1. Among the numbered criteria (1) over 23 Å from residue 297 (Cβ atoms); (2) part of a strand (DSSP E or B); (3) under 27 Å from the mean Cα position of the chain (by Cα), which single criterion is violated by residue 338?
2. When residues of the stretch 345-359 are filtered for being modelled with pLDDT of 95 or more and surrounded by fewer than 20 Cβ atoms within 10 Å (Cβ to Cβ), how many remain?
3. Name the one entry in 162, 208, 154, 144 that is in the same structural domain as residue 271 (by TED's automatic domain parsing) and modelled with pLDDT of 95 or more.
4. Quick check: anything in the stretch 253-263 assigned to a strand (DSSP E or B), out of contact with any strand residue (DSSP E or B) (no Cβ under 9 Å at 6 or more places or on another chain) and surrounded by fewer than 18 Cβ atoms within 10 Å (Cβ to Cβ)?
5. Where in the stretch 10-100 are there strands (runs of 3 or more DSSP E), lying wholly inside it, with at least 2 residues that are farther than 15 Å from residue 418 by Cα, under 22 Å from the mean Cα position of the chain (by Cα) and modelled with pLDDT under 95?
6. Given the criteria crowded, with 17+ Cβ neighbours inside 10 Å, outside any strand (DSSP E or B) and under 22 Å from the mean Cα position of the chain (by Cα), does residue 144 qualify?
7. Given the stretch 362-456, what strands (runs of 3 or more DSSP E) lie entirely inside it while holding 2 or more residues that are modelled with pLDDT of 95 or more?
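The values are calculated or read from the model by the stated rules, or taken from the named source; none is laboratory data. This one's a predicted model, so the numbers in the text were calculated from it and none came from an experiment. All Cβ positions, even for glycine, are placed from backbone atoms using ideal geometry, and neighbour counts span all protein chains on display.
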């Protein structure tokens with residue numbers, strides 16, 4: 001019950017495919033939604049650049065062959081100004097009394113004024129991501145299935161190279177990140193440590209409808225990974241740590257965010273280039289170079305006034321990499337699609353992906369390995385933010401980490417039924433205008449006092465002075 005209490009406090013956006021299926025190439029919009037609102041149909045005075053989104057659901061679920069009570073909670077907060085963006089999101093799944101899975105992200109971005117005179121202009125971004133517990137379906141090959149904890153932090157600096165009065169500014173790019181992973185049930189892998197540096201040159205948007213990201217005309221990155229392997233039963237020490245080095249060169253766009261007329265929110269990610277990989281393994285050095293590609297977008301929009309939102313995510317990618325134990329170099333082709341819709345009665349979503357892993361160097365010859373997974377959920381709105389529905393997530397892939405070819409593929413399934421409370425899109429107050437008399441154009445309702453002998457009510461000065469109020473009441477005399 002300790003974890004259930006934690007959820008009730010911290011997680012008052014509904015958890016969907018992001019908490020059960022790892023569609024890594026598709027950008028995640030849930031981190032941006034608290035601060036980047038699709039609210040064109042609202043009065044200008046009601047629009048905002050900050051918010052809190054959350055949900056809490058309780059029910060009964062199946063985790064593979066284990067049936068247990070389940071609690072699912074999410075929380076996302078965000079705020080943005082002309083010079084700052086701060087975002088955070090958290091998703092947790094509790095199975096019985098166990099904290100089954102967690103997915104957490106944070107971002108803060110600071111930028112100079114667009115019309116700064118002299119000095120150094122640009123933007124600095126700090127991001128962090130933490131995943132713990134059971135791996136989501138279709139996890140990246142370098143992590144694999146099973147239970148593991150992964151944490152990472154990244155920093156980016158975009159330095160303006162001019163003060164152009166244009167929609168884009170030339171920038172120099174500097175990237176750095178680091179992270180670590182610890183596996184809990186993978187016998188041949190203990191920990192991995194990653195760090196990388198990168199440089200680039202491109203264009204940063206300086207337009208309100210393109211609030212974040214950059215177009216990379218050239219981008220290079222160097223990553224160094226150290227994989228620690230545990231002691232074997234008959235060995236007197238480690239069987240040998242593995243070092244992996246990756247050099248990347250390419251072009252594209254990263255985190256390019258669009259907020260068009262407050263009707264469409266989208267993130268575009270594109271990367272086309274080449275990767276050179278080296279790995280010092282127990283059997284010797286592995287070397288190869290491979291083509292790399294990622295074309296992905298995620299978007300949400302509103303179809304009609306108060307008709308609900310629509311979501312779409314699409315990605316196709318070829319990702320050179322390495323297995324979790326570092327003993328093979330591989331490529332992973334991925335094709336992914338997600339779609340969701342919401343109206344005044346229903347919330348529906350579906351997503352899925354296919355992954356083709358091919359061993360390039362290292363280990364025994366192995367055939368191409370195909371993985372696939374899907375996620376669907378449907379909820380009916382009962383009112384007052386309460387929804388009743390269910391979900392089903394399944395993936396067909398190996399169930400042991402380390403080397404994907406070391407264990408057969410099996411179906412992994414998560415399904416369940418939930419009653420959940422979901423917050424509205426953002427917190428709003430319900431303002432009221434007070435006005436004595438009518439406008440003369442349309443009849444307006446009159447509210448009579450409970451006591452006819454009482455003197456007429458007088459408007460509160462603070463209410464009358466608020467021009468953003470949307471409702472009008474007429475006080476009878």
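1. Condition (1) is where residue 338 drops out.
2. 6
3. On the way: 162 fails: modelled with pLDDT of 95 or more; 208 fails: modelled with pLDDT of 95 or more; 144 fails: modelled with pLDDT of 95 or more.
Within the list 162, 208, 154, 144, the selection yields 154.
4. no
5. Counting at least 2 such residues, we get 50-63.
6. Against the criterion (crowded, with 17+ Cβ neighbours inside 10 Å, outside any strand (DSSP E or B) and under 22 Å from the mean Cα position of the chain (by Cα)), residue 144 qualifies.
7. Values: elements: 369-383, 386-398, 409-422, 432-435.
By residue number, 369-383, 386-398, 409-422.
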